[in-house]
Amino acid sequence: MTRGSLTWIRRLSFAAVLLVVAVAPGPAAGSRSGACTGPGGPGGSGCGSEGTVRWSRLLPGAWVAQPGLLGTTPAQGQAYAALGDQVAALGSGLAVSAYAAGSGQPLWTADLSGFPAGSAIVSVRVWPGVVTAGVRRPAAAGTAAREEVVLAAATGRRIRAYPAAPFGGAVTADAAATVIVGAHAVTRYANRTGAVVWSRPTGSAAQAWQEDGNRLYVTVAARGYLGAAPVTALRQINLGTGAERLVRPRRHAFAGPLSLAFDGVVLFASDSGVTAYSAGTGARLWHRQAALAESVDVAGRRLYLLVGNALVGVDPHTGARLARVRGATAASDGLYGVRAGVVLGLDHGALGKAWGYDVARQRVLWTSAPLPWPHYFVDLSGIGGSTSLSGDGLLLAVCAELGPPPAAGVAQRCLRPELTALNR
């Protein structure tokens with residue numbers, strides 16, 4: 001299986017497991033999305049309250065509103081967003097727009113010129129001092145399948161563009177340097193000059209990878225992530241220094257494809273379930289049958305698995321169960337990830353809402369005001385840039401005004417698409 005297909009199997013499994021946990025009446029479709037203006041704003045408890053709208057800004061380009069998981073999306077292609085401490089960024093087509101994370105004030109828009117027709121942005125990330133945008137080239141372009149463009153976070157000035165693997169790109173970056181997962185190597189570049197600081201070959205076939213803090217784990221499999229050959233080792237690469245060591249399992253191969261990495265533990269998924277190994281020694285730590293690896297909660301220091309009809313939080317080193325969400329609380333096609341012990345999800349449609357479900361207390365912690373046709377920005381990392389790992393906000397696209405009813409089989413045009421930031 002490819003890295004992408006494994007992620008979407010997990011995403012679709014999640015869609016089958018949770019039931020909508022926050023349903024309440026709201027305004028009709030086409031209403032203006034709320035903005036937090038003080039104690040009387042949406043939610044009724046001040047702009048700092050969880051679930052209140054921090055800001056909304058009109059989105060550029062043509063967008064449509066669709067039922068179900070899609071919600072408000074570009075009329076052509078997809079959009080990707082990222083939220084940092086200072087900057088929120090959104091990429092669609094070949095343009096990246098940046099906004100102040102706290103106020104939504106537009107900062108800049110950068111058009112990524114020089115790419116052949118058919119190219120499009122496939123990821124956006126915000127880092128200290130820079131924004132990176134992965135641009136996928138069409139297959140017939142004859143050059144690198146993907147390039148990672150580095151932009152100055154303050155101005156949008158294009159700094160560099162580096163070749164990357166189709167499912168690679170920037171794994172860490174700042175104003176000084178960027179580390180790129182390429183098709184055949186992991187490379188750290190100096191942004192000022194574009195010079196290679198260090199490079200670690202990963203073989204002729206593109207490999208699967210996972211990032212865990214300051215370390216990157218890259219599989220060693222004869223035919224890469226597209227082949228059926230087993231993973232016989234992992235390359236552990238220090239993202240700062242480039243120091244590399246090979247980690248081998250005690251047996252001839254790890255149990256399945258690489259799925260997640262966290263806190264010095266790597267997870268591999270197979271038909272029999274999930275197996276955890278020490279990322280330092282390759283020793284087998286634990287196994288959970290009939291489970292799928294779903295996500296990492298960095299602040300909560302837990303791994304989350306799908307086991308039957310339940311979402312289970314486990315200790316990464318022992319596999320011991322630390323939390324469980326199940327039954328009527330656990331089954332919505334709108335659940336997207338866990339942050340600091342809170343499940344983040346959406347109710348879809350014209351009366352859509354965002355909500356947070358407290359895993360420890362087993363109850364809804366907060367619910368937003370109605371946000372028509374809400375959409376989380378999801379990519380291969382799961383919830384993607386919709387919410388930062390450590391920040392206090394999340395990003396959604398919503399449709400504040402619908403166009404006229406469309407013809408049969410045609411998505412309804414959105415007259416006022418908005419990028420909306422919520423407090424969480």
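Some notes on this structure:
- Qualifying residues in region 194-217 (those that are touching an Asp or Glu at 6+ places or on another chain (Cβ under 9 Å) and either among the aliphatic types (A, V, I, L, M) or without any contact (Cβ under 8 Å) to a residue 60 or more places away in the chain (or both)) - the one surrounded by the most Cβ atoms within 10 Å (Cβ to Cβ): Arg200
- Qualifying residue in region 325-341 (condition: buried (at least 23 other Cβ atoms within 10 Å of the Cβ), within 19 Å of the chain's Cα centre (by Cα) and at pLDDT 90 or above): no
- Taken together, Cys36, Cys47 contain a single residue that is surrounded by fewer than 22 Cβ atoms within 10 Å (Cβ to Cβ) and at pLDDT below 95, which is Cys47.
- Residues in region 129-144 that are at pLDDT 95 or above and either part of a loop (DSSP other than H, G, I, E, B) or in contact with a helix residue (DSSP H, G or I) (Cβ under 8 Å, 6 or more places away or on another chain) (or both): Gly129 alone.
- Ala176 vs. criteria open to solvent by 50 Å² or more (accessible area, probe 1.4 Å) and over 20 Å from the mean Cα position of the chain (by Cα): yes
- Among the candidates Leu306, Leu226, residue that is at negative phi and open to solvent by 70 Å² or more (accessible area, probe 1.4 Å): Leu226
- Residue, modelled with the lowest pLDDT, within region 386-402, restricted to residues that are open to solvent by 10 Å² or more (accessible area, probe 1.4 Å) and either over 14 Å from Gly337 (Cα atoms) or in a helix (DSSP H, G or I) (or both): Gly391
- Within region 270-296, the set of residues being touching a residue at least 40 places away in the same chain (Cβ under 8 Å), surrounded by fewer than 22 Cβ atoms within 10 Å (Cβ to Cβ) and assigned to a strand (DSSP E or B) comprises just one member, Leu292.
- Check on Arg215, among the charged types (D, E, K, R) and in contact with a Leu (Cβ under 8 Å, 6 or more places away or on another chain): yes
The values are calculated or read from the model by the stated rules, or taken from the named source; none is laboratory data. Here the structure is a predicted model, which is why all the values come from computation and not from measurement. Please note: Cβ atoms are built from the backbone with ideal geometry, for glycine as well, and neighbour counts cover all protein chains shown. Surface accessibility is based on the protein's heavy atoms, side chains included, excluding ligands, DNA and RNA. Shrake-Rupley method; radii C 1.70, N 1.55, O 1.52, S 1.80 Å.
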